[in-house]
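Written out below as structure tokens is the structure these notes cover.
The values are calculated or read from the model by the stated rules, or taken from the named source; none is laboratory data. No experiment lies behind these values; they were computed from the predicted model shown. Because the Cβ atoms are built from the backbone with ideal geometry, glycine has one as well, and the counts that use them run over all protein chains shown. Please note that ligands, DNA and RNA were not included when accessible areas were found on the heavy atoms of the full protein model with its side chains. Shrake-Rupley method; radii C 1.70, N 1.55, O 1.52, S 1.80 Å.
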Amino acid sequence: MTQHESAPEDEPRANGSANVSVGSAPSDSVAAGDATTPAAQWAPLEERREPQPTGAPTAAPTAEDPLSAQIDASLAQPDPLALRPRTSSVVLCVVFGVVFLDVAAAVYWLGVHTVDGQSYEDLAIMNFANTMPAWLSFGNLKSGLVIGVSLAFGAAAMLVAAARKRWWLLGQLAVFAAVAFAAAKLLKPLLPRPLLVHVESSVNNSAPSGHTMLAAAAGLMLLAAVPRAWRACAAVLSAVFTSIVGVSVIYDRWHRPVDVVMSVCIAGACMMFALACTRASGMDRTGSRASSPSVQIAATALITLGLCAIAYGTYVLWQVFPGLQYASAWAAPGACAAAAAMVVGFAGLVNGMVLMMRQITAAPLTRLGLIGEPPAPPRKGAA
């Protein structure tokens, strides 16, 4: 009995020890597993990692990579502004050209096809020399002198364009000169002056004024041909020369004020249409483009002076309008002052506008890295 009783006691002990040993095995395996868990986790990643060549630096991705890629892509594309002006600039040239033609037509209609207009013109041309200062005659300019100086300006413009190797611009200037000359010759017989009131001045000289058209066209050609550094000076010279010729032809009774104003507007319209056709060889070289303070100052001054002079001339005409119907003597000084103001005003306005549009069409700032605006940053959410 003692042996039989001890046996069962020993058996549970053995089973208990076995259970303990069996139970201790999982704890040993867990401990072993904890020791090997990092290697077990990273081993598959290490196996999937591609081998890199020795010595090659690994560039960490940054947030600037999308911006750099967009900049590189933008700079790699050819810039269209190196070949032609902006579309908005071309549209503006066409719009301004049409506006100048409309102004010329309106001035012609008011001055030639209305009774008050004919009375004003006759009053201004017959009293201009007696009312205005003598220096406005500018030494009684001769026709040959006006033609000679105008041809010199035109020839200088063509030579400058050729020396700068602006062959497209050379063609633009040649076509512009031909159109302006044709307009001065062909419009005279097509624009008769009806006799609505008795006038003392000659009816042979009619709109437009050929001398004023020649002077305005020559000055605008020089303005369009010179490089950026000389554009402001050329615009001022052109405005002064056009004003001198315009005032002189009225002083010497060659033409009426409407003839002069109409000629300046037609020349400005033709040049605007020519600038709308600007292309690569007619523009400034890409590396030399920059904004010009002198052009901005001169264009602003000429446009402001022109608008102020035109407004003053219009105000004076409004003041003397009651005397125009009867060609009263008291209205003569105002009519002459208005004529001089209108000539100077339109000469300044046209040259200022052409100067502005010439700079815009010849030197649009590009998106290249060295000049102009930098490429636009990427928009939010584009990456």
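Please specify each residue of the stretch 153-170 satisfying the condition of being without any contact (Cβ under 8 Å) to a residue 24 or more places away in the chain and open to solvent by 40 Å² or more (accessible area, probe 1.4 Å).
Matches in the stretch 153-170: 155, 159, 163, 170.
Cβ contacts < 7 Å: first residue on the phi > 0 side of the Ramachandran plot, restricted to the stretch 319-345; second residue crowded, with 20+ Cβ neighbours inside 10 Å, any location; separation 6+ or different chain. Result?
Sorted first by the residue in the stretch 319-345, then by its partner, the pairs are 327/119; 327/123.
Mind checking which residues of the stretch 213-256 are of a type in the set (Ser, Thr, Tyr) and within 21 Å of residue 358 (Cα to Cα)?
Hits for the stretch 213-256 are 238, 242, 243.
Between 310, 360, 297, which is without any contact (Cβ under 8 Å) to a residue 40 or more places away in the chain and in contact with a helix residue (DSSP H, G or I) (Cβ under 8 Å, 6 or more places away or on another chain)?
310
Matching residues to (1) within 15 Å of the chain's Cα centre (by Cα); (2) of a type in the set (Phe, Trp, Tyr); (3) open to solvent by less than 10 Å² (accessible area, probe 1.4 Å); (4) under 30 Å from residue 83 (Cβ atoms):
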position	(1), (2), (3), (4)
209	no, no, yes, no
212	no, no, yes, no
227	no, no, no, yes
270	no, no, no, yes
281	no, no, no, yes
291	yes, no, no, yes
305	no, no, no, no
313	no, no, yes, no
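Restricting attention to the stretch 250-288, which residues are among the aromatic types (Phe, Trp, Tyr) and in a loop (DSSP other than H, G, I, E, B)?
254, the sole residue that qualifies.
Residue 182: within 30 Å of residue 226 (Cβ to Cβ), out of contact with any Cys (no Cβ under 7 Å at 6 or more places or on another chain), open to solvent by less than 40 Å² (accessible area, probe 1.4 Å) and part of a helix (DSSP H, G or I), yes or no?
In short, yes.
Considering every residue within the stretch 221-228, establish whether at least one is within 28 Å of residue 287 (Cβ to Cβ) and among the β-branched types (Val, Ile, Thr).
yes
Among the residues of the stretch 127-147, count how many are open to solvent by 40 Å² or more (accessible area, probe 1.4 Å), part of a helix (DSSP H, G or I) and either of a type outside the set (Phe, Trp, Tyr) or touching a Ser or Thr at 6+ places or on another chain (Cβ under 9 Å) (or both).
8
Any residue at all in the stretch 239-249 that's modelled with pLDDT of 90 or more and surrounded by fewer than 19 Cβ atoms within 10 Å (Cβ to Cβ)?
For the stretch 239-249, residues modelled with pLDDT of 90 or more and surrounded by fewer than 19 Cβ atoms within 10 Å (Cβ to Cβ): present.
Looking at residue 226, is it under 22 Å from residue 363 (Cα atoms), out of contact with any Asp or Glu (no Cβ under 9 Å at 6 or more places or on another chain) and aliphatic (A, V, I, L, M)?
In short, yes.
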